[in-house]
Amino acid sequence: MSAPEELRYTEEHEWVATREETLVRVGITEYAQDQLGDVVFVDLPEVGRQVSAGDVFGEVESTKSVSELFAPVDGEVVAVNDAVADSPELINSDPYGEGWLIEIRLDDPAELEALLEAEAYDALIKG
């Protein structure tokens, strides 16, 4: 399993996809969902909530554990994936597609530069 090249990553195993210059989509990586096991519940923030990089914005509950979700950037939550709330197993079956979690309108697009590129994330998870 290797991380898709076009995404950016956090050390907490979130991925970030640029949708527009100031809009990103966030989810958890294939590695993270694999470590969690079967996802059974997701708690996501309300649209309109302001988040700061490193802040907890929700949690994912699996048959093994509960894990916090951390905002990768500063901004406003402008969309929440209701399909994941209804069918949390989408995180397991399609973590980079239908299993996305939230979209954030960035306060500062330059923040993306601080996130890991795919090669660095792969090195992190291979330890």
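For PHE41, what accessible surface area do you get with a 1.4 Å probe? Give it in Å², rounded to 10.
100
Run the numbers on the chain and let me know its relative contact order in percent, using alpha-carbon pairs under 8 Å that are six or more apart.
Worked out over the chain, it gives 32 percent.
When the helix-only estimate is applied to the chain (DSSP H runs of n ≥ 4, each -39,500 (n - 2.57), divided by the residue count), what is the mean residue ellipticity at 222 nm, nearest 500 deg cm²/dmol?
-4500 deg cm²/dmol
Taking all protein chains as present, what is the carbon and sulfur share of the accessible area of the chain, in % to the nearest whole number, probe 1.4 Å?
Working: 2700 of 6430 Å².
Answer for the chain: carbon and sulfur cover 42 percent of the accessible area.
With +1 assigned to the C-beta of every Lys and Arg and -1 to the C-beta of every Asp and Glu, and no other charges, what is the dipole magnitude of the chain about the Cα centre in debye, to the nearest 20? Let's see the in-between values first.
Details: 7 positive and 31 negative charges, 31 e Å.
About 160 debye.
Averaging sequence separations of C-alpha pairs under 8 Å and six or more residues apart, then dividing by the length of segment 1-73, give the relative contact order as a whole percent.
With pairs under 8 Å counted, the relative contact order is 24 percent.
The values are calculated or read from the model by the stated rules, or taken from the named source; none is laboratory data. Because the structure is predicted, anything quoted here is derived from the model rather than measured. Cβ atoms come from the backbone with ideal geometry, glycine included; neighbour counts cover every protein chain shown. Each accessible area value is taken on the protein alone, full model and side chains, heavy atoms only, with ligands, DNA and RNA left out. Shrake-Rupley method; radii C 1.70, N 1.55, O 1.52, S 1.80 Å.
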